[in-house]
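Working notes, beginning with the structure itself.
A short reminder: the numbers here are calculations on the coordinates, not readings from a lab. Computed from a prediction, not measured in an experiment: that's the story for all the values here. Here the Cβ positions follow ideal geometry from the backbone for every residue, glycine too, while neighbour counts run over all protein chains shown.
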């Protein structure tokens, strides 16, 4: 295992990113791989079962803007009408402690970090199909019709940026995708991963819908 590293993981809403990350975190705990999930700040309301300082640091819009203007955030973005941001101090403290850090990040935030010449690895999760993506978003059960339509539009827009990431994982098999994600984070050569040409063809099919 090399030195601790920051891993930026992006995906359109409904691609299964959070489930894959949670699985990798579970496996890493059993294998003594020092790995944690970065906790971001957000202005959105907590969903059922979410706790402050666990899933997110939940703050008001005014608090967020104050932090944003003071340079507190490594990256920040407005997504689905809410602000999200990552504390630079939080990331640096974890990496300095020898802990690998996963950052679930929107494409907007990824591009901000990319501009900073920060050392990281980037991973984009693709859904197995547009139909499955639409189905997952529609069955989340926590959004109204307007919010669902916005998530669908944003999800399809985000697919166009997948090629900017170093690694692309197709979540057509949860077990296979979680193993591939773990291998990337453990800085091992992924096995059974699709070649670049296959991934590009698949991505082109997704973008054609």
Handout entry: Computed label-point distance, nm, for sites residue 93 and residue 166 using a 7 Å Cα→Cβ extension
Key = 2.6 nm
Problem - Compactness of the chain - radius of gyration and Dmax, Cα, Å - result: 16.8, 47
Exercise for the section: Calculate for the chain the 222 nm mean residue ellipticity that helices alone would give, adding -39,500 (n - 2.57) per DSSP H run of length 4 or more and normalising by residue count, nearest 500 deg cm²/dmol. Expected result: -12500 deg cm²/dmol
Practice task
Considering only DSSP beta bridges where both residues belong to region 6-207, give the percentage that are antiparallel (nearest 5).
Solution key: 30 percent
Exercise for the section: May I ask you to sort 202, 174 by Cβ crowding, counting other Cβ atoms within 10 Å and putting the fewest first? Expected result: 174, 202
Fill in the blank from the handout: Per-residue Cβ contact counts at 10 Å, fewest first, order 111, 136 as 111, 136
Exercise for the section: Using a Förster distance of 22 angstrom, determine the FRET efficiency expected from the C-beta separation of residue 48 and residue 149, and round it to 0.05. Expected result: 0.50
Handout entry: Residues in region 66-94 that a label on residue 18 would reach, taking backbone N under 11 Å of a point 7 Å out along Cα→Cβ
Key = none
